[in-house]
Amino acid sequence: MDETKICKKCGRILPIQNFRLATGQFGNPYYRGSCKECEAKYDKEYKKKKTEKEFTFSDNLEILVDRQYKEISPKRILDISALDIDITLLGTDEIFVKLMDYKDTWMSNYGQCITMAWGKYNLLQGSYINGELRYSLKKNVFIDGKWTYKRDYVYAPKMVVETFIVNEDKANNVYVWHSGHDKEDCYYRNLYPLNQEQFRIVNNHFQKTGDDSEQFILNVMNDIRYKPDNWSKQTAKRVMYGVGYHGILYTNSNEESYKRWHWIMNRCYSNAVHELYPEYKGCTICEEWKNYSNFKLWYEQHIIEIRMFDEAFELDKDILIKGNTVYSPETVCFVPKMVNSLFTNGKKNRGDYPLGVYFDKDKKKYVANMSFAGKNIKLGAYETVEAAFTRYKEYKEDFIKDIAEQHKDKIPDKIYQAMMNWQIEITD
């Protein structure tokens, strides 16, 4: 007679083959107490309850992370009106924004890409890898002690997120959810940077219900169950001027990157600093860098590139984009201290005269003068302010170009190009 066993769940007497064979603690085989049918039923109910729990949010869920888009400097936006590009291929609100670390490349908020070579602008075709659009671009990188361009494969959705969308946790939010799970849709308002667990929850919910509304995704982004293990509400508390917060990578205030972040926050938001240095009034820090952890990631990646040289370096915000007042990954760069000194305008001390000009009371003439490395270089005396400024402008712009050539291997190409194209105006 075949061996039988009583199921502890349903109480039926069933053949032994209806029970799953398992392995005990000491490697001994045994049959489970519940039959396979009951186990399957229990497993199904367990998964259902877990799913229902996953997709249920508190009515009082606090929205600490909201949907935000980056502020783009108009100077980074490509004027496509005069380009030989088929406008039927473009979206109604499509703009192309300069990628600062790529050679003559602009990415659009739709995921399209334009490059310029030999004076001609081209709309790239790209290719699809596992359903996602990818481009082959030239990236400026630091290799073997100098800056050069290297081929880099860029996925359009990730670059659109990087360019247009505020990512509150760049250390973990490395997955991109496309609305409707349509990987070909790279429109910036349909992309969401998520961490691995958040992406899993949104994907599971979409597969079961067809719903991936922005409200649902926001709830997932703010639910502590799907945050990294080291996240807490304290890490998101705005402890610096009611603006900055530490994030999950903060360890202590002695970190080099933290001191630099603290310095930026003071320049932007400290009334005491503004009294001493009024030129910093109106400066702000971008939304992503209000999270110190995001700044720390950027800082530690880029500081490596300058430690190769025996020179003091400074963090500058307005060489790449003249007149810029926002500290952000796209506008800030490390430059040698000596190079940075070329761009100080001395408004606080020069009075009413233009940059590079002062009035010599003895000669009763306007003198063109340039200061560099603690020395004054007199460029001549002139009858008018305009003549003195013109001389200063010509000399200073040529001088900046010479310094750019001398430091070409030590600075990224974006800084080199900014210096070679620098224009000094009488209104500076």
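The values are calculated or read from the model by the stated rules, or taken from the named source; none is laboratory data. None of the values given here were measured: they were computed from a predicted structure. Counting neighbours? That spans all protein chains shown, and the Cβs are built from the backbone with ideal geometry, glycine included.
Listing for the model above:
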{"quantity": "Single condition I63 does not satisfy, out of (1) touching a Leu at 6+ places or on another chain (Cβ under 9 Å); (2) at pLDDT 80 or above", "calculated": "(2)"}
{"quantity": "Residues that are part of a loop (DSSP other than H, G, I, E, B) and either among the acidic types (D, E) or modelled with pLDDT of 90 or more (or both), drawn from the range 66-82", "calculated": "D66, R67, Q68, K70, E71, I72, S73, L78, D79, I80"}
{"quantity": "Any pair with Cβ under 9 angstrom, 6 or more apart, that starts in the range 316-330 at a residue that is in contact (Cβ under 8 Å) with a residue 12 or more places away in the chain and ends at one that is among the small types (G, A, S) and outside any loop (DSSP other than H, G, I, E, B)", "calculated": "I319/A418; L320/A418; I321/A418; K322/A418"}
{"quantity": "Number of the exception - K259 against (1) among the basic types (K, R); (2) farther than 18 Å from D66 by Cα; (3) surrounded by 14 or more Cβ atoms within 10 Å (Cβ to Cβ)", "calculated": "(3)"}
{"quantity": "Qualifying position, being touching a His at 6+ places or on another chain (Cβ under 6 Å), free of Cβ contacts under 8 Å to residues at least 24 places away in the same chain and charged (D, E, K, R), among D229, D185", "calculated": "D185"}
{"quantity": "Yes/no for N203 being in contact (Cβ under 8 Å) with a residue 40 or more places away in the chain, within 26 Å of N109 (Cα to Cα) and not β-branched (V, I, T)", "calculated": "no"}
{"quantity": "Neighbours by Cβ (under 6 Å, 6+ apart or cross-chain): first from the range 121-149, assigned by TED's automatic domain parsing to the domain that holds L78; second among the β-branched types (V, I, T) and not in a strand (DSSP E or B)", "calculated": "L123/I85"}
{"quantity": "Lone unmet requirement of (1) surrounded by fewer than 19 Cβ atoms within 10 Å (Cβ to Cβ); (2) modelled with pLDDT under 90; (3) under 30 Å from D101 (Cα atoms) for Q406", "calculated": "(2)"}
{"quantity": "Tally, over the range 92-111, of residues that are outside any strand (DSSP E or B), free of Cβ contacts under 8 Å to residues at least 24 places away in the same chain and in contact with a strand residue (DSSP E or B) (Cβ under 9 Å, 6 or more places away or on another chain)", "calculated": "3"}
{"quantity": "Tally, over the range 284-305, of residues that are buried (at least 18 other Cβ atoms within 10 Å of the Cβ), in contact with a strand residue (DSSP E or B) (Cβ under 7 Å, 6 or more places away or on another chain) and not in a strand (DSSP E or B)", "calculated": "4"}
{"quantity": "Given (1) of a type in the set (A, V, I, L, M); (2) more than 28 Å from G282 (Cα to Cα); (3) crowded, with 20+ Cβ neighbours inside 10 Å, index of the condition A373 fails", "calculated": "(3)"}
{"quantity": "Hey, I85 surrounded by 14 or more Cβ atoms within 10 Å (Cβ to Cβ), among the aliphatic types (A, V, I, L, M) and modelled with pLDDT under 95 or not", "calculated": "yes"}
{"quantity": "Flag for F19 being aromatic (F, W, Y) and at pLDDT below 85", "calculated": "no"}
{"quantity": "Subset of the range 376-403 (residues that are surrounded by fewer than 19 Cβ atoms within 10 Å (Cβ to Cβ), hydroxyl-bearing (S, T, Y) and either under 30 Å from I415 (Cβ atoms) or in contact with an Asp or Glu (Cβ under 9 Å, 6 or more places away or on another chain) (or both))", "calculated": "T390, Y395"}
{"quantity": "V335 being modelled with pLDDT of 90 or more, touching a strand residue (DSSP E or B) at 6+ places or on another chain (Cβ under 9 Å), buried (at least 17 other Cβ atoms within 10 Å of the Cβ) and in a strand (DSSP E or B)", "calculated": "no"}
{"quantity": "Search result, residues across the range 372-403 that are assigned to a strand (DSSP E or B) and either modelled with pLDDT of 95 or more or polar (S, T, N, Q) (or both)", "calculated": "N376"}
{"quantity": "Residues of the range 406-428 classified as under 21 Å from K150 (Cα atoms) and part of a helix (DSSP H, G or I), total", "calculated": "6"}
{"quantity": "Any hit, the range 318-329, residues being more than 22 Å from D398 (Cβ to Cβ), of a type in the set (A, V, I, L, M, F, W, C) and at pLDDT below 90", "calculated": "no"}
